[in-house]
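Before any comments, here is the structure.
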Amino acid sequence: MDETMQRRMDSIVEDEVRRGFRIKELPENIVESLEAAHAADPTVTAFRKVRFTKLTPRKRRLINEAVVKRYHLDLKNPDILSNDQLRRLNVERGEWSADLERQLEALQNETNQAMRELYLDGFDRRDEWTKVLLEASDRVRVEIAESREGEHRRLLSDPEKTEALDRFTRWMDWSPDVQAEFDTKYATSQGRETYSPDNDQQWLLDRTPSLAFVDALNEIDDHRDKLRRYMDLLGKRRELLELQVKQTKMFAESVEARRDTAEEMARMYYCTEIATETDTGAGPIAKTVDGAWDLPDDVIQWLLVEVYFFLNGIPDEAREFLAQWGFIGAPRSSGSQPASAESPVEPTPNSAGTPVVEMPAPSSARPVPTTSEISSST
């Protein structure tokens, strides 16, 4: 993140801390969902703008009271199992294992580290990386084709030009995924048992037509590395999400998960109020905490994410990055279809190891990002 963007984000957060609230207008598709629910059940309040407010000692007490009430009822119910009980049962049935837990933790650490590095490299400029890569590639081909003698230049013979283009093309096309294929095709021509992209790169550098050629080759190497790390991260994120979904389903209705859900819902209720046109508060989003559970699922998910952003001082500028990696849903226009079942947006466990639980309607629930994931990524 550059200094200008950092200062901008800090100023936004500081302003909201000073004011103690954040005003947000509901997206049109969320408004439509809310109005449809109100038409079906007039006790559901329809609104277009909300005001998120800071936690106070009184709000914390009310939230704790709402959570404890539900939690104690669940503790008395022998049919609602704990995380440990569910873990043991799933291990006994072969649905889960300690190895899967270690794999999940390792993937979480690796992806967090990779996301942080890519973000600092200018993650939001990955389309620019591709453009730079292609432009540098064109410059290399021109330098090879038009090589001539002169200052910092040497003339390549026609056979050298042909071989240089061949070596450059396969150096560009190589990736770890095609190593076996390249071993078969090109290792012998290098006089090696396995193909080495470094060998081709060094050959090109040893016969450099110009300094511009060297600069372009280094530029390609740098941007290709970023794109490869990006693609590698996508693969690891996919593996991670598969394990997270499995773990989330396993613990979805545990006593701890139900407690966490109750806490999230109570926090959302007591820290959110309907906002007027002049941005003043106009009352709660529902008559009671329990009444908030009657809101449409997509409305609840949107409110949960937004109140989390506010309470943790995360400005909207971080939204694109978080949406890209599935921590939140990307905004969609009115009438557009929700993400399919194959979408990469899936539940994400929090830093303490407790899964992010499903909301009242789990089929469309979206996870709220955890503090450790946000801080490590941005």
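Before moving on, here are some points about what is shown:
- Looking only at segment 294-303, and only at residues there that are out of contact with any Lys or Arg (no Cβ under 8 Å at 6 or more places or on another chain) and part of a helix (DSSP H, G or I), the one that is surrounded by the fewest Cβ atoms within 10 Å (Cβ to Cβ): 297
- Test for residue 237: is it surrounded by 15 or more Cβ atoms within 10 Å (Cβ to Cβ), charged (D, E, K, R) and closer than 30 Å to residue 49 by Cα: no
- Meets criteria (among the aliphatic types (A, V, I, L, M) and under 21 Å from residue 145 (Cα atoms)) for residue 241: no
- Summed over segment 266-293, the residues that are within 17 Å of residue 41 (Cα to Cα) and assigned to a loop (DSSP other than H, G, I, E, B) give a count of 5.
- Apart from one condition, residue 173 fits all of (1) under 30 Å from residue 111 (Cα atoms); (2) surrounded by 12 or more Cβ atoms within 10 Å (Cβ to Cβ); the exception is (2).
- Total residues in segment 277-291 satisfying the condition of being at pLDDT 85 or above and either within 17 Å of residue 31 (Cβ to Cβ) or out of contact with any strand residue (DSSP E or B) (no Cβ under 8 Å at 6 or more places or on another chain) (or both): the figure is 7.
- Qualifying positions in segment 194-224 - out of contact with any Phe, Trp or Tyr (no Cβ under 7 Å at 6 or more places or on another chain) and closer than 16 Å to residue 134 by Cβ: 215, 216, 217, 218, 219, 220, 221, 222, 224
- If you go through segment 38-78 and keep only what is of a type in the set (Ser, Thr, Tyr), at pLDDT below 90 and either more than 21 Å from residue 307 (Cβ to Cβ) or part of a helix (DSSP H, G or I) (or both), you end up with just 43.
- Filter result for the condition that a residue is in contact (Cβ under 8 Å) with a residue 40 or more places away in the chain, out of contact with any His (no Cβ under 6 Å at 6 or more places or on another chain) and more than 30 Å from residue 77 (Cα to Cα), over 207, 259: 207
- Among the residues of segment 270-293, those identified as in contact with a helix residue (DSSP H, G or I) (Cβ under 8 Å, 6 or more places away or on another chain) and in contact (Cβ under 8 Å) with a residue 24 or more places away in the chain are 270, 271, 272, 285, 286, 289, 292, 293.
- Qualifying residue in segment 225-233 (condition: surrounded by 19 or more Cβ atoms within 10 Å (Cβ to Cβ) and at pLDDT below 90): yes
- Residue check, residue 168 under 14 Å from residue 137 (Cβ atoms), surrounded by 12 or more Cβ atoms within 10 Å (Cβ to Cβ) and at pLDDT below 85: no
- Test for residue 189: is it surrounded by 12 or more Cβ atoms within 10 Å (Cβ to Cβ), small (Gly, Ala, Ser) and under 23 Å from residue 232 (Cβ atoms): no
- Subset of segment 171-188 (residues that are part of a helix (DSSP H, G or I), modelled with pLDDT under 85 and either among the β-branched types (Val, Ile, Thr) or closer than 21 Å to residue 205 by Cα (or both)): 172, 173, 178
- Failed condition for residue 162, given (1) crowded, with 18+ Cβ neighbours inside 10 Å; (2) farther than 16 Å from residue 130 by Cα: (1)
- When the residues of segment 54-102 are filtered to those that are acidic (Asp, Glu) and within 24 Å of residue 246 (Cα to Cα), the one that is surrounded by the fewest Cβ atoms within 10 Å (Cβ to Cβ) is 79.
- The set of residues in segment 31-50 that are under 18 Å from residue 291 (Cβ atoms), in contact (Cβ under 8 Å) with a residue 24 or more places away in the chain and surrounded by 14 or more Cβ atoms within 10 Å (Cβ to Cβ) comprises 33, 34, 37, 44, 45, 47, 50.
The values are calculated or read from the model by the stated rules, or taken from the named source; none is laboratory data. All of these numbers come straight from a predicted model, not from anything done at the bench. Don't worry about glycine lacking a Cβ; one is built from the backbone with ideal geometry, like all the others, and counts go over all protein chains shown.
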